[in-house]
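Have a look at the structure below, then the notes.
The values are calculated or read from the model by the stated rules, or taken from the named source; none is laboratory data. If you're wondering where the values come from, they're calculated on a predicted model, not measured in any experiment. Cβ placement follows ideal geometry from the backbone for every residue including glycine, while neighbour counts extend to all protein chains displayed. Remember, those area values only see protein heavy atoms, side chains included, never the ligands or the DNA or RNA. Shrake-Rupley method; radii C 1.70, N 1.55, O 1.52, S 1.80 Å.
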Amino acid sequence: LPSVRFSAPKLRQPKTQSEQLNSKDGFINTIPIQNNVHSTPLVQQTSSVSMATFQLYAILEAIADRVEMHNNIGEQRDNWNTLLLNSINMITLTAATMAGVAAATGVGAGVSAMGLKLASSVMFSAATGMLVLMNKIQPSQLVEEQRNATRLFKQLQSQIKTLLAVGSPCQDDVNDAMEKVLALDKAYPLPLLGVMLEKFPASLEPAVWWPTKQSPNSNKALTNNNGWTRELEMEMREVVEVIKRKDSEDYERLGNKALNMNKVLATSGPLLTGIAALGSAFMVSSNSPWAATVAAVAGALASAVNTFEHGGQVGMVFEMYRNNAGFFKLMQESIESTLDECDVEKRENGE
């Protein structure tokens, strides 16, 4: 006969005091306290292996925050450019109109003409001060800086995500990402006071938003290794010379032209409004028709110059040339640092 086995139900052991505390109110606490001692080394080992990944995710969060901040501040400074341009033009044109009306009314108008003259003088003075401040900070150039910073931070964010998806990051990758973030913060600062980029430098200097690296020089004979040959190295050095001779030189020349034009316009605008304010002041004291003419004409010219400078966003054009020159400088330094690497296996694939 087949043997029949019976299994008796096991008696439930009474809960210990720690288990009763853990399962109080219907919630079970699964955190090991003392019994599960074998899981601690495994958790420590996993954490040590994945520490670079944790750090890269933390850097990604910081980059996402910077992207949002640069985007929001760029919109704010774009509003600055529009609002200041419209306000200063309206003030200048209104003051010029009032000066012309006051001169046309003549001496017999009495108190009403004197009020128009005083108001015109005050408005020209206010427009001069606002225009000096606007030309100092160059809102259109600030907006372009924030656009470039947003684009470059998004590019760095995409690179880190790709590294986390396809590779196993190490501590060198973390350090490299941190250096790139700090270099971008230095190249495109968020605040204005103290760290704002010089808006009127002596000459155009290419933007630098990458960390500088020094690679050891080597005259090691190259073989066909990792896609590199001696002929390919010579071709890449020729590419560097073409970038220096043509692309970088062209953008620096155009950037210097935009810089000089911006300097002339930034000086002419406040100068014309200042002349208009003086004309209005002389019109108040001497009631001279020539003073009224100077005030009206200078105010109209100041409005035209201001519109061309900030409506045409000459500062933004200069920043665009500066950024493009920086792109070619980055390409040049990238090729040179690759060619200076002594171990061809550590280089990017030559082909």
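Just to check, using Stokes-Einstein with a Kirkwood Rh over alpha carbon pairs, what's the diffusion coefficient of the stretch 241-351 at 4 °C and 1.567 mPa s in µm²/s?
Details: Rh = 17.7 Å.
Result for D is 73 µm²/s.
Scoring 330-338, 302-310, 288-296 by mean Cβ neighbours within 10 Å over their residues and listing the highest first yields 302-310, 288-296, 330-338. Across all Cα atoms of the stretch 292-351, the radius of gyration (one decimal) and Dmax (whole number) stand at 24.0, 77 Å.
Going by average Cβ density within 10 Å per residue, which order do the peptides 160-172, 177-189, 136-148 take, highest to lowest? Walk me through the numbers on the way to the answer.
Numbers: 160-172: 12.5, 177-189: 17.2, 136-148: 22.4.
Final packing ranking: 136-148, 177-189, 160-172.
Under a plain spin-label model, where a point goes 7 Å from the Cα along Cα-to-Cβ, how far apart in nm are T307 and A119? Label-label distance for T307 and A119, simple model: 2.3 nm. A Cα-only calculation for the stretch 71-165 places Rg and Dmax at 22.7, 83 Å. Pop the C-beta distance of M51 and L330 into the FRET formula with R0 = 22 Å and round what comes out to the nearest 0.05. Here the calculated transfer efficiency is 0.15.
How much length is gained on full extension from A202 to T267, taking 0.36 nm per residue of separation minus their Cα-Cα distance? Kindly include the intermediate steps, with their values, before the conclusion.
Values: separation 65, 0.36 × 65 = 23.40 nm, distance 1.52 nm.
Residue separation times 0.36 nm, minus the Cα-Cα distance, leaves 21.9 nm.
If the label point is 7 Å along Cα→Cβ of L133, which residues in the stretch 276-295 have backbone nitrogen under 19 Å from it? Only 277 fall inside the zone, counting backbone N under 19 Å. Given H placed on each backbone N at 1.01 Å, which residues far from W228 in sequence or on other chains put an amide H within less than 5 Å of it? So W228 has HN proximity to G350. Sorting the segments 226-238, 191-203 by their residues' average number of neighbouring beta-carbon atoms within 10 angstrom, most packed first, yields 226-238, 191-203.
Quantify, in whole percent, the carbon and sulfur part of the accessible surface of the stretch 278-332 (1.4 Å probe; protein heavy atoms only).
Working: 1810 of 2360 Å².
Ligands and nucleic acids excluded, carbon and sulfur reach 77 percent.
Across the cross-link table entries K136/K180; K154/K180; K180/K244; K154/K244; K154/K263, which are compared at the Cα atoms, the separations over 21 Å belong to K136/K180; K180/K244; K154/K244; K154/K263.
For the pair T94 and V166, what calculated FRET efficiency results from E = 1/(1 + (r/R0)^6), where r is the Cβ-Cβ distance and R0 = 56 Å, to the nearest 0.05? Present the calculation step by step, with values, prior to reporting the outcome.
Numbers: r = 62 Å, r/R0 = 1.10.
Working from the Cβ atoms, E equals 0.35.
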